Each structure stands twice: as C-alpha cells, then as structure tokens.
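**Student:** This structure is in structure tokens; I'll ask about it shortly.
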Amino acid sequence: MVGLPGDHVLSNLPLLAGLPDTRCTVLVSYDRKTGMRLQINFKSGMPIYLQVVDQIKAAAASGALRPGEVLPSIRPLAEELRVNRNTVAKAYSELESLGVIETLPGRGCFLKENHTALRKEVRRKLLTVEVDQAIVQAHHLQVPRDEFLALIHERMNALDHKRRSNENQTEDDQS
C-alpha cells in the first residue's frame, strides 16, 4: 500500500531546493491499524538504504514498531518502494548488525527487544560521534549553544510524546 505525499509519516526528509518532490511513502507495519509509514526521498542525496535504516530505528525508538513485530519481507518492500531488493537487504543487514532487528530463517525479520548487545561504553562512543556531527552542523548553521540545547530538549520531548501516543494507541487497540 503506497501512500500519498501528504500521508502521516514518521519523519520529514528534507528536499533539495528546486527539485520536484519525488518521495515514496510505504506502510511498513502490516500488523496494526495505524502502522508506521516509511518515506523515501529519491532526491535527498542520502542513500536509500540509510533512509530505511534511520526511519526503522526512529520507529522502534518512538514505539511505532513494537518488539517482536514482523517487518515486511525484502521482496515486497523493495517492490513497494520501487528499489532494488539488494537495497532493502542492505538496510535489513545494517539493522541486524546494529541489534535493532533479528532475522529468523523461514520466519522473517522482527524488531528485537531493546536489549542491546553493545556494552555501555561502545554505545556511548557511537552516540558521541552522532552528537559531534550535530554540533558541527549547528556551528556551520550559526545556531547558538542555548538554541541548540533547547532544540535537543524539544526533539526529546517530541519523541517521548510519540512514544506515549503509540502506547496509548496500542492500549486502545487491545481493548
């Protein structure tokens, strides 16, 4: 089921100025009424497999995808996204190496419980790299320190709100 550009999506990917809107929105979770939508922007300059990885990680963090929930098989998802199967396979392989999903032969790919195999110092080092990149980007965009920190708090609050909304939706679905 391919959605329209105006459909609710987990994240808004920036478009390059002056280029036509060439996004593809796909329903990722078939198990729940609301489901998580995956949006691919073919003109963003970001590799498609990384867009898939980032959005599935964000869906897991926000609760839009639940531990144990099955992800679409590689072939149907690739067909719906209109990308090569190897692109989706590469995204799933990356997610598996990060400990986000697990592949069970003959059964499919499932979102793992939030029990990371990485030690605390390794997780911290990985996160430090991401934070450093955001700090450098903020510097180049001339965003003051206080504004940058406020934005971080705002985005963390937004994630908490999404998580609570998804928890409430799950409770409503079960009753």
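The values are calculated or read from the model by the stated rules, or taken from the named source; none is laboratory data. No experiment lies behind these values; they were computed from the predicted model shown. All Cβ positions, even for glycine, are placed from backbone atoms using ideal geometry, and neighbour counts span all protein chains on display.
**Student:** If a residue has to be without any contact (Cβ under 8 Å) to a residue 12 or more places away in the chain and of a type in the set (A, V, I, L, M) to count, how many in region 32-88 make the cut?
**Tutor:** Selection size over region 32-88: 1.
**Student:** Pick from Ser62, Ser73, Ser29: which is polar (S, T, N, Q) and modelled with pLDDT of 85 or more?
**Tutor:** After ruling out the rest, the residue left standing is Ser73.
**Student:** Quick test for you: out of Leu104, Leu127, pick the one residue that is over 15 Å from the mean Cα position of the chain (by Cα) and assigned by TED's automatic domain parsing to the domain that holds Arg163.
**Tutor:** Residue meeting the stated conditions: Leu127.
**Student:** A further question follows. Would you check which residues across region 35-72 are more than 28 Å from Arg164 (Cα to Cα) and touching a strand residue (DSSP E or B) at 6+ places or on another chain (Cβ under 8 Å) and list them?
**Tutor:** Phe42, Ile48
**Student:** Another question about this same structure. For the structure I just gave you, tell me whether Gln142 is within 26 Å of Asn41 (Cα to Cα), among the polar types (S, T, N, Q) and free of Cβ contacts under 8 Å to residues at least 12 places away in the same chain.
**Tutor:** The answer is no for Gln142.
**Student:** Can you find a residue in region 55-62 that is in contact with a Cys (Cβ under 9 Å, 6 or more places away or on another chain) and surrounded by 20 or more Cβ atoms within 10 Å (Cβ to Cβ)?
**Tutor:** No: region 55-62 contains no residue that is in contact with a Cys (Cβ under 9 Å, 6 or more places away or on another chain) and surrounded by 20 or more Cβ atoms within 10 Å (Cβ to Cβ).
**Student:** Something else: Looking at region 79-108, which of its residues are within 15 Å of Gln55 (Cβ to Cβ) and at pLDDT 90 or above?
**Tutor:** Val83, Thr87, Val88, Lys90, Ala91, Tyr92, Glu94, Leu95, Ile101 - these are the residues of region 79-108 that are within 15 Å of Gln55 (Cβ to Cβ) and at pLDDT 90 or above.
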